[in-house]
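Structure record follows, encoded as structure tokens.
The values are calculated or read from the model by the stated rules, or taken from the named source; none is laboratory data. The structure displayed is predicted, hence computed values, not measured ones. Cβ placement follows ideal geometry from the backbone for every residue including glycine, while neighbour counts extend to all protein chains displayed.
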Amino acid sequence: MRSPTCLLLTFIALVALANAQQTGACRAGIRVRRPFSSLSRQERQAFAQAIMTMKRNGSMDRLTRRHRDGMQYHMTTQFLPMHRAMLVDFEQELVRANPAVTALPYWDELADSRAPLSSSIFTADGLGLMRSGPLSAPDAAASKSRDGGRFNWIPGSASMAAALRGFETFGEMSGVIEIVPHNSYHGLIGGHMGNPSISPADPVFWLHHAYIDLLWATWQGLSARNFVNLETDPSELRVVASAGTVLYESRYTNRDMLYYQQRLCYRYDAVNGNAPRAQRASRLLQELSGPVTTTNSTQPAPGTGEDGASDEKTSVIQGVEAMPEDLIAELMPMVPKDVAVEKVRKAEAKMNAIAKGLLEKVQERLGAAGGNVTVTPEVTEKIAELIPSVQELVSRARKFVEAEVKDDGSDSKIPEVVEQAKKSEEGAKEKGSEQVKTSGAAVVAGSTATACMLLAVVAAMAL
């Protein structure tokens with residue numbers, strides 16, 4: 001039976017926890033951005049209804065105009081912070097338009113990279129059927145022919161994951177992912193998405209940019225250094241942490257953009273990362289290789305001879321193909337064509353070098369020769385250990401941010417964050433006297449008070 005002292009301490013603990021949950025920038029909780037493919041039919045309908053409301057009330061037009069005002073920041077190191085702020089702006093309008101929407105979903109593009117046309121986004125239950133644009137052509141990664149009307153500008157998930165693990169600075173990471181896969185998908189979809197001045201008018205723009213933002217957030221979550229890294233090359237535009245975020249200078253700083261979960265109140269979920277590891281490994285190798293020979297330890301794979309040899313040559317791990325120069329110019333009108341082409345070719349070369357390195361790792365681990373890879377159940381675990389997918393990195397990043405990232409509230413323009421930082425500073429000044437009071441109370445109460453405090457903590461944690 002609890003004593004009156006125990007009950008009082010438990011009550012105090014619960015009140016303190018409730019107050020803590022209601023302070024700071026995220027009083028309404030953390031929004032969880034999930035893949036569009038994981039949404040229920042009702043959730044997709046709610047999203048579509050919210051979009052229609054935003055079109056009617058002018059929110060989509062306002063955001064399209066704002067994006068047009070930021071055209072000069074494309075192909076600069078301001079690109080990611082600017083779009084992160086815009087995504088938060090859009091998400092807030094989305095939830096206001098339809099409270100049944102809990103967060104902005106994202107297009108898990110790399111999961112669809114081998115067959116973008118079959119994405120659940122472009123269905124009657126999604127955002128509608130594709131009737132025009134490059135997506136009406138078959139994807140080269142899923143085709144045996146390389147004739148006209150095909151494209152292969154998108155890296156596989158394993159290549160993108162390897163790139164994220166290899167980027168040393170914010171500037172390097174931003175410069176590559178703005179081109180591959182960001183520009184790649186704008187070019188593939190075409191229509192409004194192929195015109196930077198009006199692309200936000202297409203709802204797919206926001207799902208697409210949520211995924212680009214996910215890549216940045218994932219890179220941040222790979223290490224404590226990455227999380228606050230805004231380092232750029234001397235030749236690039238500096239991203240000062242305390243400076244206002246472009247287009248949102250009065251609302252946010254660039255440091256606010258770094259603390260996306262603590263200050264902007266959202267995080268990403270990787271539903272596909274919950275698949276069995278062997279299944280992910282098999283899918284991962286297919287993302288790297290295209291069609292591959294598959295077999296098991298006792299029976300030949302379909303389409304193979306009695307010795308298990310494939311009837312046709314096994315594909316090698318592919319990189320990305322060169323995007324046409326005219327399309328590059330259309331997607332990057334803010335810079336001279338020759339400069340734009342040079343930037344794209346450098347990013348493509350980097351991704352191809354990464355793909356080549358992955359192939360060499362797989363060959364070394366599996367003993368494959370000449371680029372041929374045969375998948376067996378026995379090797380899938382080796383592949384999973386060697387080459388994680390982006391979805392796995394998303395899960396790792398989430399755990400890191402929740403366990404390791406602490407926000408002191410510095411350099412913020414968000415009123416709630418500033419208020420919380422001020423309270424924390426005042427609390428630190430009183431900490432000494434509070435410790436004395438706590439110590440004295442513990443001496444008086446003895447072991448009974450200690451037990452009650454433990455009880456209060458357990459009760460609070462159970463909330």
Problem - Inter-residue pairs, beta-carbon under 7 Å, first without any contact (Cβ under 8 Å) to a residue 12 or more places away in the chain and in the stretch 240-269, second in a strand (DSSP E or B) and surrounded by 19 or more Cβ atoms within 10 Å (Cβ to Cβ), 6+ apart - result: Ala243/Thr253
Practice task
Look at Arg31 and say whether it is within 24 Å of the chain's Cα centre (by Cα) and either at pLDDT 95 or above or loosely packed, with under 14 Cβ neighbours inside 10 Å (or both).
Solution key: yes
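With respect to Thr304, determine if the residue is at pLDDT below 55, more than 23 Å from Arg165 (Cβ to Cβ) and surrounded by 19 or more Cβ atoms within 10 Å (Cβ to Cβ).
no
Could we say that Ile212 is in contact with a helix residue (DSSP H, G or I) (Cβ under 9 Å, 6 or more places away or on another chain) and modelled with pLDDT under 95 here?
On the way: in contact with a helix residue (DSSP H, G or I) (Cβ under 9 Å, 6 or more places away or on another chain): yes; modelled with pLDDT under 95: no.
Here the answer is no, as Ile212 does not meet what is asked.
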Exercise for the section: Considering each of Glu168, Glu172 in turn, give the residue that is over 15 Å from the mean Cα position of the chain (by Cα), outside any helix (DSSP H, G or I) and modelled with pLDDT of 80 or more. Expected result: Glu168
Exercise for the section: Note down all Cβ pairs under 6 Å where the first residue falls in the stretch 319-339 and is closer than 17 Å to Gly194 by Cβ and in contact (Cβ under 8 Å) with a residue 24 or more places away in the chain, the second is assigned to a loop (DSSP other than H, G, I, E, B) and of a type outside the set (A, V, I, L, M, F, W, C), and they're at least six residues apart or on different chains. Expected result: Met334/His74
Handout entry: Pair list, Cβ under 6 Å, 6 or more apart: the stretch 404-428 residue within 21 Å of Ala243 (Cβ to Cβ) and in contact (Cβ under 8 Å) with a residue 40 or more places away in the chain, other residue among the acidic types (Asp, Glu) and in a helix (DSSP H, G or I)
Key = Ser412/Asp256; Ile414/Asp256
Exercise for the section: Might you check whether a residue that is acidic (Asp, Glu), at pLDDT 95 or above and closer than 30 Å to Lys361 by Cβ occurs anywhere in the stretch 243-250? Expected result: no
Exercise for the section: Kindly establish whether Leu358 is out of contact with any Phe, Trp or Tyr (no Cβ under 8 Å at 6 or more places or on another chain), modelled with pLDDT of 75 or more and farther than 24 Å from Ser199 by Cα. Expected result: yes
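Identify all residues within the stretch 53-81 that are closer than 17 Å to Asn98 by Cβ, in a helix (DSSP H, G or I) and free of Cβ contacts under 8 Å to residues at least 40 places away in the same chain; write none if there are none. Working first, answer last.
Here is the first cut: in the stretch 53-81, the ones closer than 17 Å to Asn98 by Cβ are 53-60, 63.
Narrowing the set further to residues that are in a helix (DSSP H, G or I) leaves 53-57, 59-60, 63.
Those that are closer than 17 Å to Asn98 by Cβ, in a helix (DSSP H, G or I) and free of Cβ contacts under 8 Å to residues at least 40 places away in the same chain: Lys55, Arg56, Ser59.
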Handout entry: Residue check for Pro155: more than 27 Å from Phe47 (Cβ to Cβ) and either outside any helix (DSSP H, G or I) or free of Cβ contacts under 8 Å to residues at least 24 places away in the same chain (or both)
Key = yes
